[in-house]
1. Share of Cα-Cα pairs in the range 15-72 beyond 14 Å, in percent?
2. Could you work out the pair-distance distribution P(r) of the chain from its alpha-carbon pairs, with 20 angstrom bin width and percents rounded to whole numbers?
3. Once both axes come from the Cα atoms, what is the angle between helix 60-69 and the longest principal axis of the chain, in degrees from 0 to 90, rounded to 10?
4. Using a simple spin-label model with points 7 Å from Cα along the Cα→Cβ vector, what separation in nm is obtained for Asn98 and Lys83?
5. Can you pull the one-decimal nm distance between simple spin-label points at Val288 and Arg254, each 7 Å off the Cα toward Cβ?
6. With the chain treated as a Gaussian network of Cα nodes joined by springs under 10 Å, which of Phe119, Phe33, Phe272 yields the largest mean-square fluctuation?
7. By how many nm would the segment from Ser228 to Tyr20 lengthen if fully extended, with 0.36 nm per residue of separation less the alpha-carbon distance?
8. In whole angstrom, note down how far apart the Cα centers of the range 1-70 and the range 243-300 are.
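The values are calculated or read from the model by the stated rules, or taken from the named source; none is laboratory data. Source: prediction; values computed, not measured. Note: ideal-geometry Cβ built from the backbone for every residue, glycine included; neighbour counts use all protein chains shown. When the accessible area is computed, the model is the full protein with side chains, heavy atoms only, and any ligands, DNA or RNA have been set aside. Shrake-Rupley method; radii C 1.70, N 1.55, O 1.52, S 1.80 Å.
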Amino acid sequence: LTGEQGNFGKVNSKNLGLPYDYSSVMHYGAYDFSSTPGKPTIVPVPDPTIPIGQREGLSNLDVAKINKLYKCNWCSSVLPKSKGSFSSVNHPSPYPNNSHCLWLIRIRRGKIFLQFEAFDVQPSSGCSSDYVKVYNGNSKSSPVLLDRHCGTGPLPSLVASGSMMLVEFASDESVTAAGFRASYNRVNCGDTFTDSSGVITSPNYPNKYPKNRACFWVISSPPGYKISLKMLFFELEGSDRCNYDYLLIHDGSRPTSPAAGPYCGTEKVADFTSTGNFVLVEFHSDIVWEFPGFVLSYTF
């Protein structure tokens, strides 16, 4: 476009000693300012198929450059893939003192299911020294999914209400521990419940649930409280082994925790009481049939 040529001037830059960032949030798109529809103004070199011009948020190199400019620690990063893992610095060796790290999980669609495989953080009253905190969104002003946590596990698995989750880790000037290791993946539906009572329903209820869904609901009660579940309505696709559409109720917050089920068809789902303070409700549907689904209540 006339008058926009200045946006394409060449600049000699060392990129703060970091690689060129095709994925920077500041990068123009391939067709920006084009005077001819469909004709690109920028073609990446050497691979013209590399995507440029995303507006989802900071890239990892954006974060690295900001940290370098302002002399911040380098442990923060963006996790854009649909599944991945991360850990505190040096894990399983002790993490450093005076660190403050943020991991922003930002996937393209669906919800985020986060699990902690290991957790060992310096204990303190109110976790005022070292802690992990998890937010249901992309900033520290987002609702809190897991408030300051320290000591040793177990930590509950967590499901974000959307496609972004922020994990914060801080340590003070003394005493460290092994830290933590966590992994995440994308799920179609689910939630994290911390209220003393609630209801979980299959997606789209009272309409039929959609095909090809994997849903995870985590119920987390305070330590010392057990969680009781009661099925109010249940109708899924039936099969001898419940290997098409099915429901599992885990005594714990991980998919590897002991489970009641699988349940399918119209069979009676027995009342369930946890042995600890976490429960994971897991639901799967296949690509063929759709049924009304289920309604499940819980209390603790």
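1. Above the 14 Å cut-off, the range 15-72 has 60 percent of its Cα pairs.
2. The calculated distribution, bin by bin, is 28, 47, 23, 2.
3. That helix lies at roughly 60 degrees to the long axis.
4. 4.0 nm
5. 3.3 nm
6. Phe33
7. Result for the pair: 69.5 nm of gain on full extension.
8. Taking the Cα centre of the range 243-300 as reference, the centre of the range 1-70 is 47 Å away.
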